[in-house]
Amino acid sequence: WVPIQLVLPFAVAAALLWQLPPWVFLAAFVFLLLFYWNSVGGVPLYLTNRMTRATIAGLLPERTGLRFIDLGSGLGGPLVDLAKRRPDATFTGVESAPMLYALTWLRLLFQRRPNVNVKFGDFHAVDLGAYDVVYCFLSPVPMPALYEKAKKQMKPGGLFISNSFAVPGHAADEVIEVIDRRRTMLHVW
C-alpha cells in the first residue's frame, strides 16, 4: 500500500494535467482485472518464493508417478521449479485469472517442461482425487470449503498443503516454518 499511496497523488496530477480521455482509465481497469480477477472473490495474487518451493520439494513423497496440483497457480513458479527437481512426477496448475493463465501457458511453451501443464478454470471444479499432493496459496476465504473438498476427494496418504493459511477448527498434522523473509508457515494435512 505504501508504494500505491506514494504514486497516487502524482498519478492524479498527471491525469488532470494531460487530460486523459475516460477510455484510458477503463482500459487500465480491464488490464488490471485480467491479472487480479481472483481478488474479487477474496483470493489475491500471492507468489510462492524459492525457499518455500524448496521446502515443498522436500515434502513430496519419493514415489514415481507422483501427481501434484497447484490450485491458483499464478505465474507457475512452483510448477516449473518442482518439475525441474522431480522429472518423474506430473505437475498441474489451475488458474482462473486470464492474464496469469496466459503468461503461465507462454512460459511453459518456451521452457518446454513435459511434466507440467496448466489449466484455465475454477479450482472448485477440479477432482482432487486424481492427485497425491494438493498445494494452495490462496486466502482464508476459500480454505474451509477447500479443506472439506480435499478431505472428501483425496486418496488416503495424500498431502494437502496450504501456504500461510490455516483451516479454522482443523489443526494441521504438521506446520512447517520456512526460514524466509516472511516466516512462511506451511500447513500440512
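Brief remarks follow.
- Taking helices (runs of 4 or more DSSP H) as the structural unit, those lying wholly within the stretch 77-169 and holding at least 2 residues that are among the hydroxyl-bearing types (Ser, Thr, Tyr) and in contact with an Asp or Glu (Cβ under 7 Å, 6 or more places away or on another chain) correspond to 98-111.
- Taken over the stretch 54-76, the residue count meeting the criterion of being assigned to a loop (DSSP other than H, G, I, E, B) and either open to solvent by 10 Å² or more (accessible area, probe 1.4 Å) or under 18 Å from His124 (Cα atoms) (or both) is 9.
- Flag for Arg112 being open to solvent by 60 Å² or more (accessible area, probe 1.4 Å) and out of contact with any Gly (no Cβ under 7 Å at 6 or more places or on another chain): yes
- Scanning the stretch 162-189 for residues that are open to solvent by 20 Å² or more (accessible area, probe 1.4 Å) and touching a strand residue (DSSP E or B) at 6+ places or on another chain (Cβ under 8 Å) yields a count of 13.
- Selection count, the stretch 77-109, where residues are closer than 23 Å to Thr184 by Cβ, of a type in the set (Ser, Thr, Tyr) and crowded, with 23+ Cβ neighbours inside 10 Å: 1
- A single entry from Val7, Val43 fulfils the requirement of being more than 21 Å from Leu108 (Cβ to Cβ) and surrounded by 16 or more Cβ atoms within 10 Å (Cβ to Cβ): Val43.
- Inspection of the stretch 111-126 finds no residue satisfying the criterion of being touching a residue at least 60 places away in the same chain (Cβ under 8 Å) and either of a type in the set (A, V, I, L, M, F, W, C) or over 25 Å from Arg50 (Cβ atoms) (or both).
The values are calculated or read from the model by the stated rules, or taken from the named source; none is laboratory data. These numbers come from a predicted model, not from an experiment. Positions of Cβ are backbone-derived with ideal geometry, glycine not excepted, and every protein chain shown enters the neighbour counts. Just so you know, the surface numbers come from the protein's heavy atoms only, side chains and all, with ligands and any DNA or RNA stripped out. Shrake-Rupley method; radii C 1.70, N 1.55, O 1.52, S 1.80 Å.
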